[in-house]
Structure formats: C-alpha cells, structure tokens
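Single-structure report; data block below.
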Amino acid sequence: MAGHPARGVRVNVVFCHGIGSHKATYARATIRALREGLGAQAQGVHWSSVLWSGVLDGRQDRLMQAVSAGGDLDWNGPRREYVISGLGDACAYLGDRQTRYKILDRVGDAFAMLPDGPTVVLCHSMGCAVMMDYLHAHAPSRTPVQCAILFGCNLPLFWLAHPAGQPLPLPQIPRVYNLYDSDDLLAYPLKEISDQTRAWVTGDYRISTGTILGAHTGYWTDSDFVDWVTKCLKRELRISASH
C-alpha cells in the first residue's frame, strides 16, 4: 500500500510487517493515528508499506492441510496456523535462498515506487531482519534511509545464523531506534549486544504495549508507540527541512 505523494513531501515513511499473513492494508490504522498526531505536518509525509507475506502463504497453507490430515492434533486451528506461519516464515527465509530473494524483491519493489527524498522505515518483528538485509545489500541512493524505527525486534535471533565473531550485516543508517515491551518474548534490546551494535543503535526504548499474550502484536495502534513515533517523525521532518 502506498499513499499518493503530497506536494512538498519531505520524508517517505515505509512500514515492513513481521511474521504471519497480512493484508495490503495492515498499516492503515497506524498511519491514520500518526496522521492525527502529526496534524498539518502529515502533508510532508509519503506513506508506503512492504507486503512480503504472500511469498510463503501458499506453502504454509499446504503444510497446514497436510499435517492436519496426518493425525489428531490439539490446538488445530488459528493458534497452530500462527505457529506454522510464524516459524515457517523464519525457517524459509533463513534456509531457502530463492524465498529470501523473493521476499527482498518485495522490499525493492516498494522502494522503487517512492518519490525522491529521505526515508524513515518502521519495521516489526521479522520485518526488521528483512528490511536490514535489504538495506545492507542495496543502499538506496534516490531514497536514502535516514532513520529506522524497529519494534518487537527479534534481530538477535536472526544474527545467530551468522558465524560467531564475524561482523553483522548492518546497513549504514544515521539513526536507529529500537522500541520494545519487556513482556514481548520476541523483542530484545540491541545496543549492548556488541561493540558493533553499540555504534549502530542510537537507543533502546522500553514502552508498554500489553500483556505477555498481546505485547508482540500490540505495538501498531498502542498509544505509547504512536506517541513515540509521532515525535520521532516530527524530528525527522525538521531534520529533512533543514537540509
């Protein structure tokens, strides 16, 4: 999903979802809340989002049907589907090169449609790994990323796939903010993991999005999250206007 470029656009804002199945409108409620918080300044933002979940939906549906036919399973419904779609996304992304390329191509397609100008990316869960991998391999010169806001970020789990002692594949981004809820079992502070992350992460910020059951999916419309991102976007708009 992409919003039409407004006259005088100063910042592109690109969302990247995480695990599970998503519709093209997955960021609509978040964008609506951010627009309200920005007021007239929202006219300086071009909104867009990456939709990559469709790359794996068909394979995961067939797997769910196969295991359901193979025997009696408890929780054989939405909860098991969520596990298959969630863990399946990560397994396929890390283990299947063609799947990885197809997912990263979806990110490239979204960037290709942006108007010229600086970009802020907002990435959730596995979307943090997807976006950072894309930016590490393809630093967009026409739409340079000046700020990344990561939330529900599980990058440390994906970094386990890299050889110990080797530099992490981190793109050059001037400002990297990591928002996490301490109840979110899939979100982690990043800055103190290594010397490399200390230099890369501007700051880790703890917010409250819900209980242990809803914390990971609760960021999108949580008032603390929306308020934090709104203030950040106002700052990024000022920075962009000063250049």
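Brief remarks on what is shown
- Count of residues meeting criterion [under 7 Å from residue 152 (Cβ atoms) and of a type in the set (D, E, K, R)] in region 177-191: 1
- Yes/no for residue 170 being buried (at least 16 other Cβ atoms within 10 Å of the Cβ) and free of Cβ contacts under 8 Å to residues at least 40 places away in the same chain: yes
- Extreme residue, surrounded by the fewest Cβ atoms within 10 Å (Cβ to Cβ), among residues of region 128-153 that are in contact (Cβ under 8 Å) with a residue 60 or more places away in the chain and over 28 Å from residue 241 (Cβ atoms): 130
- Tally, over region 209-229, of residues that are within 15 Å of the chain's Cα centre (by Cα) and either hydroxyl-bearing (Ser, Thr, Tyr) or farther than 14 Å from residue 151 by Cα (or both): 3
- Inspection of region 166-173 finds a residue satisfying the criterion of being among the polar types (S, T, N, Q) and in a loop (DSSP other than H, G, I, E, B).
- Selection within region 209-233 - open to solvent by 60 Å² or more (accessible area, probe 1.4 Å), touching a residue at least 12 places away in the same chain (Cβ under 8 Å) and not in a loop (DSSP other than H, G, I, E, B): 224, 227
- For residue 198, the conditions (1) of a type outside the set (A, V, I, L, M, F, W, C); (2) within 26 Å of residue 224 (Cα to Cα); (3) part of a loop (DSSP other than H, G, I, E, B); (4) without any contact (Cβ under 8 Å) to a residue 24 or more places away in the chain all hold with the exception of (3).
- Residue within region 58-65 that is at pLDDT 95 or above and open to solvent by 80 Å² or more (accessible area, probe 1.4 Å) present: no
- When residue 194 is tested against (1) open to solvent by less than 60 Å² (accessible area, probe 1.4 Å); (2) at pLDDT 95 or above; (3) under 21 Å from residue 120 (Cβ atoms), just one condition goes unmet, and that condition is (3).
- Members of region 22-42 that are assigned to a loop (DSSP other than H, G, I, E, B) and either open to solvent by 40 Å² or more (accessible area, probe 1.4 Å) or among the hydroxyl-bearing types (Ser, Thr, Tyr) (or both): 22, 23, 24, 25, 26
- Residue satisfying condition, being of a type in the set (Lys, Arg) and open to solvent by less than 60 Å² (accessible area, probe 1.4 Å), within set 238, 175, 206: 175
The values are calculated or read from the model by the stated rules, or taken from the named source; none is laboratory data. Predicted model, so just to flag it, every value in this text is computed and none were measured. Cβ atoms come from the backbone with ideal geometry, glycine included; neighbour counts cover every protein chain shown. In case anyone asks, the SASA skips ligands and DNA or RNA and just uses the protein heavy atoms, side chains included. Shrake-Rupley method; radii C 1.70, N 1.55, O 1.52, S 1.80 Å.
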